[in-house]
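Accompanying notes for the structure given below.
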Amino acid sequence: MSRLDETWADRPGWWGFLTTVDHKRIAARYIVTVVAMLFLAGMLALDMRLQLSAANGTRMGPQLYDESFSLHGSTMLFLVSVPVMEAMGIWLVPLMLGARNLAFPRLTAFSYWLYLGGVLMLWVPHALGITPDLGWFEYPPLSGPGYAPGHRADIWAQMITFTEVAALSASVNIAATILKMRPPGMTLARMPFFLWAMLIASLMTIFALPAVMLVTSMLIADRLVSTQFFTPAGGGDVLLFQHLFWFFGHPEVYIIFVPAVGFVSAIVEAFSRRPLFGHIAMVLSLLSISVLAFGLWVHHMFAVGLPRLGNDFYTAASMVIALPAGIQIFCWIATIGSGRPRFATPMLWVVGFIATFVIGGLSGVMVASAPLDLQLTDTYFVVAHFHYVLVGGAMFPLFGAFCYWYPKATGRMMSERWGIIAFVLIVGGFNLGFFPMHILGLEGMPRRVYTYGPEMGWDGLNLLATIGSTVSVLGGLVLVANALLSYWRGAPAGADPWGGPTLEWAAPSPPPPYNFEHTPVVTGVAPLWEHDDLPVMTGLKDDAREVLVTSVLDAIPLYRQHSPAPSIWPLLCALAVSAMFVGSIFTAWAILWGMVPIAVGLILWFWPVRGRATSGPLRARGQ
Amino acid sequence: MYFSPAALLLALTACEKEARVIAADQPQTSPRGPQDPRAAAYENNAYQVSQGGRYFSWYGCGRCHASGSRGDLASAGARRDLPHLYASIAHGHTSGARIPPEQIWQLAGYIRSLPRIDPARRKRQDRDLRGEPQGPTWTGALR
């Protein structure tokens, strides 16, 4: 064991910090950064709510309000929701697979550094007073060269490029790990539901994100080198932007939601103390959600003016997605109903999720209908709807997952009492704050207005919304404080405090750098509930970084693979890529000259360290 | 932490270029001679220049001063300072007296920026603005 430790440990100090390829350390970094972003975005939200709490508010002018909601939306979607789901995957997938690391450890490091680049890309200019101010989707022509002077729109577009490259790196990594590094015996049929969710979300990411990278690159080209993709007078088409954006934007909602479904299922299973009801139905409904998600982006564009048949088709498709989502809700309820449920904090979050998400789903079915959507589009009804599905559907499961796996990550239990207080404040405050927005929307209050007149009669409900949001933000602070204090003062957790069914609970808490002493062998979907002593496989070296590669369908061991050691090159390559991305805001030549350091960096990153093969198809010539 | 003075200067000038002041206390008066300090805030600011560009098409300036035509103002923008340009808009045109001072500041700032704009980019910006009213005529939204 000490030999394993020596093999897998990072060098101490700064060098170890900068070069690490340990998926747990990188995921922790991701999560700390996300929490900081969540705090800033929450403060922005509170600031906007204060502005709107009474008629004729003077806290903000229109420009500051525009900047605030643009920054809030862009941060929450691109710098919080997607990265945090990737981070949970990066942390959990190898542990749940009984593996030593992800398939491409250095890519994990590269992914984090680029994500950090995206964070700085948006928030450093903000600190300098240059903030994107066109909403989180920056439609042209408003974001085109004629209407968006300066570099604000460029900053937004390049922030997207940063975060999407980071998310693609993480997704490829997670998908390859799940498909090729499952432990012996974990066939696809025996794969825990959470891993299905991460696999599906990763594949969706790989298909959806190129669309937004393409469209923001086209926007930058329009602004930087005067191409004419989005100007009708030059033969371009502004709707092209909307179609490409929402071809990413709608699947993106499910890229956020599908991992959350995985969290909920893992928590429901562990706390109901029975295997998930309808495992196969759940997997199939997840698969159908992932396919349908690519076929309903147009419901974000009902107000644009499309042919009748188009509207009808996308109305139908949007309503159909309620079926698989409903199957999942009923499967969770059946699992809880037929199990012996224990309502600890993670399970409370699941209950909060189901209640809130069902409300969001129902208002979703309402706006899925094109005629009703035409009335409600760009009103607070839509604001209420998407906060119910995104906060209720993704953030609440995330908080549950945070409480559930916190003991595994830190070796300490979080305070249950403060956990319940945070839960009540957040869920109560959220519903108090956002439910009135449905009514405000029906009364006609438009989105994105920085103030309104007293004659509109919206003061009371807006004040209620502000009070609710404040309570919710306070709850968030309690949650974070609980996590911070428990890190030092929490009760020791032991390996398996909740009696969980999946492999991560077999590793010590917190897991050592090599995760598991031996590779587990799996005989069912809930391995820890089937054996008192987990069967294991030996044969991986303990004096070299080795991981086990197995077959895609049946997880039959194929070979032992060398796992790359810590390296500084992912960081240096990320710096080179960042220099190119930032430079390309100012001059097109940055793309050309920026390639040179990237190429040098990548060559050195992938410089072969092993001798040429002496046998087999890759044998060196002349041997 | 260490900041190099050059980077700091770059950051500050970036702020000036990117600043967006939308408030009621905009200038109500014409420039006080060639050294008026307000000139820099108009000709170096992306937002003010862009607003000037929009008024340029709204007031129909492009009918005589279209890009690439004989009346192209790029060379005038290079030759003359902003107060000069202000005076020729306000007093050299019959309709100049009807334009509010703030908009003349912006128009003059736009003309000052013309020699710095790449011709391809200027053409691209004009295309974006094609759907705007051009002087007294407006042909409706682009289709």
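The values are calculated or read from the model by the stated rules, or taken from the named source; none is laboratory data. Every value quoted in this text rests on a predicted model; they were computed, and no experiment measured them. Virtual Cβ from ideal backbone geometry, glycine too; neighbours counted across all protein chains shown.
So how many residues does region B:30-49 have that are part of a helix (DSSP H, G or I) and either more than 14 Å from every other protein chain (Cβ to nearest Cβ) or among the small types (Gly, Ala, Ser) (or both)?
So the count comes out to 5.
Yes or no, residue by residue, for (1) surrounded by 20 or more Cβ atoms within 10 Å (Cβ to Cβ); (2) under 24 Å from residue B:130 (Cβ atoms); (3) of a type in the set (Phe, Trp, Tyr); (4) in contact with an Asp or Glu (Cβ under 6 Å, 6 or more places away or on another chain):
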site	(1), (2), (3), (4)
A:129	no, no, no, no
A:132	yes, no, no, no
A:160	yes, no, no, no
A:180	no, no, no, no
A:189	no, no, no, no
A:209	yes, no, no, yes
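Regarding residue A:146, is this residue away from every other protein chain (no Cβ under 14 Å) and buried (at least 24 other Cβ atoms within 10 Å of the Cβ)?
no
Quick test of your reading of the structure: residue A:119 fulfils all but one of (1) within 13 Å of chain B (Cβ to nearest Cβ); (2) among the β-branched types (Val, Ile, Thr); (3) farther than 14 Å from residue A:68 by Cβ. Name the failing condition by number.
With (1) within 13 Å of chain B (Cβ to nearest Cβ); (2) among the β-branched types (Val, Ile, Thr); (3) farther than 14 Å from residue A:68 by Cβ applied to residue A:119, the lone miss is (1).
When you check residue A:434 against the structure, is it modelled with pLDDT of 95 or more and either within 22 Å of the chain's Cα centre (by Cα) or among the basic types (Lys, Arg) (or both), yes or no?
no
Has region A:176-197 got any residue that is over 30 Å from residue A:523 (Cβ atoms) and either in contact with a Leu (Cβ under 9 Å, 6 or more places away or on another chain) or within 14 Å of chain B (Cβ to nearest Cβ) (or both)?
no
Enumerate the pairs (first residue in region A:580-604 and of a type outside the set (Asp, Glu); second residue anywhere and surrounded by 13 or more Cβ atoms within 10 Å (Cβ to Cβ) and outside any helix (DSSP H, G or I)) with beta-carbon separation below 7 Å, excluding pairs fewer than 6 apart on the same chain, so at least 6 apart or on different chains.
Sorted first by the residue in region A:580-604, then by its partner, the pairs are A:585/A:151; A:588/A:225.
Filter the helices (runs of 4 or more DSSP H) completely within region B:54-122 down to those with at least 1 residues that are at pLDDT 90 or above and within 14 Å of chain A (Cβ to nearest Cβ).
Ranges flagged: B:101-113.
Identify the residue in region A:396-425 that is in contact (Cβ under 8 Å) with a residue 60 or more places away in the chain and of a type in the set (A, V, I, L, M) and, among all such residues, is farthest from residue A:75 (Cα to Cα).
If we take residues in region A:396-425 being in contact (Cβ under 8 Å) with a residue 60 or more places away in the chain and of a type in the set (A, V, I, L, M), then A:413 is farthest from residue A:75 (Cα to Cα).
If you scan region A:331-343, which residues turn out to be in contact (Cβ under 8 Å) with a residue 12 or more places away in the chain, in a helix (DSSP H, G or I) and out of contact with any Asp or Glu (no Cβ under 9 Å at 6 or more places or on another chain)?
Once the filter is applied, which keeps residues that are in contact (Cβ under 8 Å) with a residue 12 or more places away in the chain, in a helix (DSSP H, G or I) and out of contact with any Asp or Glu (no Cβ under 9 Å at 6 or more places or on another chain), region A:331-343 yields A:331, A:332, A:333, A:334, A:336, A:338.
If the requirement is being part of a helix (DSSP H, G or I) and not acidic (Asp, Glu), which of these qualifies: A:315, A:227?
None of the other options fit; the residue is A:315.
Looking at this structure, is residue A:440 surrounded by 22 or more Cβ atoms within 10 Å (Cβ to Cβ) and either of a type in the set (Val, Ile, Thr) or part of a helix (DSSP H, G or I) (or both)?
When the stated conditions are applied, residue A:440 passes them.
Can you name the helices (runs of 4 or more DSSP H) wholly within region A:363-417 that have at least 2 residues being within 18 Å of residue A:315 (Cβ to Cβ)?
Answer list for region A:363-417: A:370-376, A:380-387.
Taking residue A:239 as meeting all but one of (1) away from every other protein chain (no Cβ under 14 Å); (2) aliphatic (A, V, I, L, M); (3) assigned to a helix (DSSP H, G or I), write down the number of the exception.
(1)
Any residue that is within 24 Å of the chain's Cα centre (by Cα), farther than 28 Å from residue A:498 by Cβ and among the aliphatic types (A, V, I, L, M) - is there at least one of those in region A:383-403?
yes
Inspect all residues belonging to region A:214-223 and state whether any of them is surrounded by 24 or more Cβ atoms within 10 Å (Cβ to Cβ), among the aliphatic types (A, V, I, L, M), more than 14 Å from every other protein chain (Cβ to nearest Cβ) and under 16 Å from residue A:96 (Cα atoms).
no
For region A:605-618, give me each residue that is within 33 Å of the chain's Cα centre (by Cα) and without any contact (Cβ under 8 Å) to a residue 12 or more places away in the chain.
Within region A:605-618, A:606, A:607 qualify.
Of all residues in region A:36-71 being over 25 Å from residue A:475 (Cα atoms) and away from chain B (no Cβ under 14 Å), which is surrounded by the fewest Cβ atoms within 10 Å (Cβ to Cβ)?
By that ranking, first place goes to A:56.
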